[in-house]
């Protein structure tokens with residue numbers, strides 16, 4: 001009777017050598033030693049072979065020789081056992097090295113702490129010694145001074161010398177002056193500059209047709225929802241101007257603006273109307289500054305634009321050089337708020 005180790009089935013045909021189901025060599029139940037002699041087995045799938053092909057043809061696993069009782073030969077088992085022992089020894093050595101490093105760091109930290117404590121104690125003793133030395137020196141100096149005063153007193157008594165009396169000159173205290181507090185410049189109602197009037201523009205009142213007021217005063221009323229707005233008759237805002245007169249002469253460090261039309265009930269007016277892109281500021285002394293303004297996406301928050309150097313002036317004239325063209329009212333240009341600081 002034959003037996004297939006792979007299929008685990010018995011075969012009644014004594015002349016069969018290989019299993020008709022899986023192809024593995026059959027074992028003679030009556031004489032297993034003869035069957036296993038010279039055979040090899042796959043370590044992964046367990047299939048048996050009559051000779052060593054190097055690798056299993058089914059799973060490509062390594063082949064090992066079988067002894068007469070059907071087990072893997074002792075030589076192969078010894079090889080595997082040797083590998084396991086070597087790996088365990090390497091792991092043990094690594095553990096010992098790691099433990100040694102940890103112990104070394106531990107004792108090194110203790111030595112550093114002891115050294116720090118010793119240095120601190122030596123520094124304290126040195127400080128105490130330095131504190132005592134000046135005290136002894138001062139005592140010696142005081143004794144010497146006392147002896148010198150006694151000697152001088154005896155000499156003065158013997159000689160009876162009269163010293164002249166000196167009178168100190170009177171000291172004059174300079175008068176203090178209270179600091180001058182400069183009040184920030186205050187804007188008054190603006191006046192439209194007639195010298196910069198555009199053709200077709202009605203000034204000083206705005207020529208924009210609407211139920212709302214767009215006059216020049218709307219730019220300094222403190223309400224960002226109102227604005228000064230003019231129709232520039234196709235010029236895209238270039239040339240439109242507005243003049244702001246200060247209450248006296250003051251030093252101006254920059255301007256504060258709300259660009260465009262930011263009327264909140266209609267949130268799309270900021271994009272429907274034009275906004276100032278670049279303008280020229282002309283001051284009462286004739287000096288000028290060119291200012292770039294960013295596009296305002298409907299925000300009523302004021303923007304501070306500082307000057308590179310302060311300007312002493314009594315008026316500021318804003319002249320539009322170029323504008324962000326509105327999507328609907330392409331000839332309008334608007335300014336929500338204007339101030340100086």
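The values are calculated or read from the model by the stated rules, or taken from the named source; none is laboratory data. Owing to the predicted nature of the structure, the values given are computational and were not obtained by experimental measurement. Cβ coordinates were reconstructed from backbone atoms using ideal geometry, including for glycine residues, and neighbour counts include every protein chain displayed.
Just a few scattered comments:
- Test: residue in the range 310-327 that is within 35 Å of the chain's Cα centre (by Cα), over 26 Å from residue 213 (Cβ atoms) and modelled with pLDDT of 90 or more: yes
- Residue match in the range 256-272 (condition: at pLDDT 90 or above and surrounded by fewer than 15 Cβ atoms within 10 Å (Cβ to Cβ)): yes
- Evaluated against (1) over 34 Å from the mean Cα position of the chain (by Cα); (2) surrounded by fewer than 16 Cβ atoms within 10 Å (Cβ to Cβ), residue 292 falls short on exactly one condition, (1).
- Residue count for the range 194-220 satisfying the condition of being at pLDDT 85 or above and either surrounded by fewer than 21 Cβ atoms within 10 Å (Cβ to Cβ) or in contact with a helix residue (DSSP H, G or I) (Cβ under 8 Å, 6 or more places away or on another chain) (or both): 1.
- Evaluation of residue 263 against (1) within 39 Å of the chain's Cα centre (by Cα); (2) over 16 Å from residue 218 (Cα atoms) (one fails), failing number: (2)
- The single condition among (1) within 40 Å of the chain's Cα centre (by Cα); (2) crowded, with 21+ Cβ neighbours inside 10 Å that residue 228 does not satisfy is (1).
- Number of positions in the range 295-341 that are within 18 Å of residue 229 (Cα to Cα), touching a strand residue (DSSP E or B) at 6+ places or on another chain (Cβ under 7 Å) and surrounded by fewer than 13 Cβ atoms within 10 Å (Cβ to Cβ): 1
- The range 263-295, residues that are out of contact with any helix residue (DSSP H, G or I) (no Cβ under 6 Å at 6 or more places or on another chain) and assigned to a loop (DSSP other than H, G, I, E, B): 264, 265, 266, 267, 268, 284, 285, 286, 287, 293, 294, 295
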